[in-house]
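The values are calculated or read from the model by the stated rules, or taken from the named source; none is laboratory data. Fair warning: this is a prediction, and the values are worked out from it, not measured in the lab. All Cβ positions, glycine included, derive from the backbone under ideal geometry; neighbour counts span all protein chains shown. We work out accessible area using only protein heavy atoms, side chains counted, and drop any ligands, DNA or RNA first. Shrake-Rupley method; radii C 1.70, N 1.55, O 1.52, S 1.80 Å.
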Amino acid sequence: MIVRTAQDVPELQAEMAAWAHDTTGHGATGYFTTLFTAAGIHRLPTGPAFAGHTVPASVARHLADTLDLAEAFYVTADMTALAHHAARSLTDYTFTVEDLPAPAGLLVFQDPPDDSDRNGVRRPVHAITWGPQRGTTAVDYWTRHYTAMYPVPHTDTRPRPHPTRPEHRLHPVHTPHHHDFALSAALHPGSPVDAAFGDHNAHTLRLLAATWLLMGQTIATHTTRDIPRAARRRIARLTPRTPARVRVIELRHARTSGDGAEENTPGTRAYQHRWVVRGHWRRYRAPRFSDEVRARPIWIGDHIAGPPTAPLIGGQRVHVLKR
């Protein structure tokens, strides 16, 4: 499923859920068995979640449960740009489940951020799923047609990519919904987000955490959209549990002196970009604030400057997260 608009996200969720429930060799269990065996992965951060299940079967079942409960989110390019900007200073953040926009979710980026695998190869993260698992929140990254190749037995008769090393014959592993598993992490309540991944992947997880936090604040707007009837019918055939709606997360636009309204006035500038002015994270610890306000960092953005239709770039200055 190629997501081109927000209205495509529920159908992607339905396709992923149907695949996760499929216990045949064409389903998620067969996919993860091939993937984990080839990559030498014998356990994930949280370990098997279900007694009597192998790791691949356990991962597939957890994914199915997650997608059955998940709320669908679509984050616009502007909102992703702001989250990138905000994530740079979110270096001392500890995860709490209260910061999640939903207990389980599927989030798709309009402008996918890049992440690095263990070899430092960068590829865009198109979607992220999360859900509760054994006292943690399991977070999975999904790329679209990830081009990584995995080893197959030396008896395979296909042409050799590396003629001098037959044990390194390779083949691609893909999913029918065109989103391939890239990485998984377990977020423990009260633990630093940076501890969940290594250096290569820390920024993407901070970006996700910043996105979650910004989604709950006034700088973001939420619009719930239903999808066309034909797509609803396809979803009902795949997985009747999947809601036929998506929440679109957009950046709230604010008019400023640089919003383009006065571009033709003598003495004013015609700006080509928008930017966040002096954005920073702040924690309110004073007793006069509610428990909810004191529990999480708040993004403080003085304003968004520039023409409303111009591309958004990073802010002029970033302050560190204050505890």
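Stretched out straight at 0.36 nm per residue, the stretch from residue 222 to residue 77 would grow longer than its current Cα-Cα span by 50.8 nm.
May I ask you to rank 250, 98 by accessible area, largest first, using a 1.4 Å probe over the protein chains only?
On the way: 250 60, 98 120 Å².
Ranked from most to least accessible, the order is 98, 250.
Once amide H atoms are placed 1.01 Å from N in the peptide plane, what residues at a sequence separation of 5 or more from residue 133, or on another chain, have their amide H within under 5 Å of its amide H? So residue 133 has HN proximity to 138. Ligands, DNA and RNA left out, the 1.4 Å accessible surface of region 1-110 is 54% carbon and sulfur atoms.
Computed 3J(HN,Hα) for region 17-33, one whole-Hz value per residue from the Karplus formula 6.51 cos²θ - 1.76 cosθ + 1.60 where θ = phi - 60°, is 5, 4, 5, 5, 7, 6, 8, 7, x, 8, x, 5, 4, x, 4, 5, 4, glycine and proline marked x. The label point for residue 273 and the one for residue 295, both projected 7 Å from the Cα toward the Cβ, are 3.7 nm apart.
Apply 1/(1 + (r/R0)^6) to the Cβ-Cβ distance of residue 174 and residue 111, taking R0 = 22 Å, and write down the FRET efficiency to the nearest 0.05. Present the calculation step by step, with values, prior to reporting the outcome.
Values: r = 23 Å, r/R0 = 1.05.
Efficiency for this residue pair is about 0.45.
Between the amide H of residue 126 and those of 142, 143, 144, distances stay under 5 Å, these residues lying 5 or more places away or on another chain, with hydrogens modeled in the peptide plane.
3J(HN,Hα) couplings calculated from phi for region 216-221 with the Karplus curve 6.51 cos²θ - 1.76 cosθ + 1.60 (θ = phi - 60°) are, in sequence order, x, 10, 6, 6, 10, 10 Hz; Gly and Pro show x. Taking a point 7 Å out from the Cα of residue 252 in the direction of its Cβ, the residues of region 63-87 whose backbone N falls within less than 16 Å of it are 79, 82-83.
Fully extending the segment from residue 191 to residue 231 would add 10.4 nm, taking 0.36 nm per residue of separation and subtracting the current Cα-Cα distance. In the context of the full set of protein chains, region 50-104 has a per residue accessible area of 34 Å² (1.4 Å probe).
The string of couplings for region 99-107 from the Karplus curve (6.51, -1.76, 1.60, θ = phi - 60°) is 7, 6, x, 7, x, 9, x, 10, 10 Hz, one whole number per residue in order, with x for Gly and Pro.
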